[in-house]
Amino acid sequence: VTTVWLDGSLCDEKAVCLSPFDHGLLTGDGIFETVRVTQGVPFACRRHYGRLTHSAAGLGLTPPGADALRAAVDAVLSANGISEGRVRITVTGGPSPLGSERGTSPPTVLIAATPPAPRAEAIAVAVAPWPRNERGALAGFKTISYGENVRALAYARAHGAGEAIFANTVGNLCEGTGTNTFLVQDGILLTPPEAAGCLLGVTRGLVLEVAAEIGVEAREVDVAVGALREADEAFVTSTTRRLQPISAVDGQALPSVPGPVTQRLTDAFLALEARTLDP
Ligand SMILES: Cc1ncc(COP(=O)(O)O)c(C=O)c1O
């Protein structure tokens, strides 16, 4: 039985008393963070908290303070005996009237952790047939409004792939359903800028920093989504995947999996993690 944290205390997941009027449940009004747990420690905790507060400000939600949240996360990890895995912090608009207007109740805060899921060495991707709206009201915030990701991931699976990649409304590469995207062309690392509509992933930021550290030239630039198919190498990043090489795009194999630049960045990322768990 899993123990979770709900609104200030630990409780058995089966005994959770979440309002049927919760605005997160009814409208997707909420934000979240997924943090990887390594050696019992939530990795890159400060960066995740910074993004949580950024998303909270965007949606007009008040998250718990950093120290209170960390204590709650530690309590959940300890109650479930989890030293490797992931912990998810979700903050929603709380109980509200039925409809788009948020109520006056305090936000709902829910924390849950699970052990790690097995990950493939590489992943095939499919380009989603729907765009990411880089000008949308939620662009750049990590919200729980994930219906579009759910649908796109199901599309990818139906097409023999493990992740869907979105172009934005002007046809440029944006991101995956739960990942950022990088490609390597002529030895240069390319990834879409924030203006392309992608979430500024914690892992994305760290990869750009380790690239600078080991002398890999990196550019945050717009590229047409089709460039992914022509890349010398490509990979996705996320908290739980770190760097995961892309093996094929829409059924077309990439030439080098993992490519040499991807391998160097992976090694540098793991070395960073060995130096500090809160980079
Ligand atoms: C839409 C989206 N983009 C990118 C990412 C990668 O972000 P991070 O490296 O912070 O996990 C995620 C992670 O869940 C995501 O949901």
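The values are calculated or read from the model by the stated rules, or taken from the named source; none is laboratory data. Only a predicted model underlies this, so the values are computations on that prediction, with no experimental measurement involved. Using ideal geometry, Cβ is built from the backbone for each residue, glycine included, and neighbour counts are taken over all protein chains shown.
Restricting segment 25-53 to residues that are among the small types (G, A, S) and within 13 Å of the ligand (Cβ to nearest atom) leaves a set whose member that is surrounded by the fewest Cβ atoms within 10 Å (Cβ to Cβ) is G50.
The rows are residues; the columns are (1) out of contact with any strand residue (DSSP E or B) (no Cβ under 7 Å at 6 or more places or on another chain); (2) within 26 Å of R51 (Cα to Cα).
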residue	(1), (2)
T203	no, yes
L206	yes, yes
E209	yes, yes
E213	yes, yes
A218	no, yes
A224	no, no
L228	no, no
F235	no, yes
T240	no, yes
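Exactly one residue out of R102, R119 is over 25 Å from C17 (Cα atoms) and either surrounded by fewer than 18 Cβ atoms within 10 Å (Cβ to Cβ) or not hydrophobic (A, V, I, L, M, F, W, C) (or both), and it is R119. Looking at segment 77-174, the strands (runs of 3 or more DSSP E) lying wholly inside it that each contain 1 or more residues that are polar (S, T, N, Q), over 21 Å from A224 (Cα atoms) and out of contact with any Leu (no Cβ under 9 Å at 6 or more places or on another chain) sit at 108-114.
Set side by side, the residues L190, L206, L173 differ, and just one is hydrophobic (A, V, I, L, M, F, W, C), more than 13 Å from the ligand (Cβ to nearest atom) and modelled with pLDDT of 95 or more, which is L190. Does V76 satisfy being within 16 Å of the ligand (Cβ to nearest atom) and either under 19 Å from N180 (Cα atoms) or surrounded by 15 or more Cβ atoms within 10 Å (Cβ to Cβ) (or both)? Spelling it out, it is not the case that V76 is within 16 Å of the ligand (Cβ to nearest atom) and either under 19 Å from N180 (Cα atoms) or surrounded by 15 or more Cβ atoms within 10 Å (Cβ to Cβ) (or both). Looking for something under 21 Å from the mean Cα position of the chain (by Cα) and of a type in the set (G, A, S) - is there at least one such residue anywhere in segment 256-272? Yes, segment 256-272 contains a residue that is under 21 Å from the mean Cα position of the chain (by Cα) and of a type in the set (G, A, S).
Kindly indicate which of T177, T203 is touching a helix residue (DSSP H, G or I) at 6+ places or on another chain (Cβ under 6 Å) and among the β-branched types (V, I, T).
T177
For A57, the conditions (1) touching a residue at least 12 places away in the same chain (Cβ under 8 Å); (2) surrounded by fewer than 16 Cβ atoms within 10 Å (Cβ to Cβ); (3) away from the ligand (no atom under 16 Å from the Cβ) are fulfilled apart from (1).
Checking each residue in segment 13-22 for being touching a strand residue (DSSP E or B) at 6+ places or on another chain (Cβ under 6 Å) and not small (G, A, S) picks out E13, V16, F21, D22.
With respect to the conditions (1) among the hydroxyl-bearing types (S, T, Y); (2) crowded, with 19+ Cβ neighbours inside 10 Å; (3) in contact with an Asp or Glu (Cβ under 8 Å, 6 or more places away or on another chain), S238 falls short on a single one, namely (3). Just a yes or no: is a residue in segment 60-70 of a type in the set (A, V, I, L, M, F, W, C), within 18 Å of A112 (Cα to Cα), touching a strand residue (DSSP E or B) at 6+ places or on another chain (Cβ under 8 Å) and assigned to a helix (DSSP H, G or I)? For segment 60-70, residues of a type in the set (A, V, I, L, M, F, W, C), within 18 Å of A112 (Cα to Cα), touching a strand residue (DSSP E or B) at 6+ places or on another chain (Cβ under 8 Å) and assigned to a helix (DSSP H, G or I): present. Might you check whether a residue that is surrounded by fewer than 21 Cβ atoms within 10 Å (Cβ to Cβ) and part of a helix (DSSP H, G or I) occurs anywhere in segment 179-191? Looking through segment 179-191, none of the residues is surrounded by fewer than 21 Cβ atoms within 10 Å (Cβ to Cβ) and part of a helix (DSSP H, G or I).
Answer with yes or no whether V221 is loosely packed, with under 14 Cβ neighbours inside 10 Å, out of contact with any helix residue (DSSP H, G or I) (no Cβ under 8 Å at 6 or more places or on another chain) and closer than 30 Å to F32 by Cα. When the stated conditions are applied, V221 passes them.
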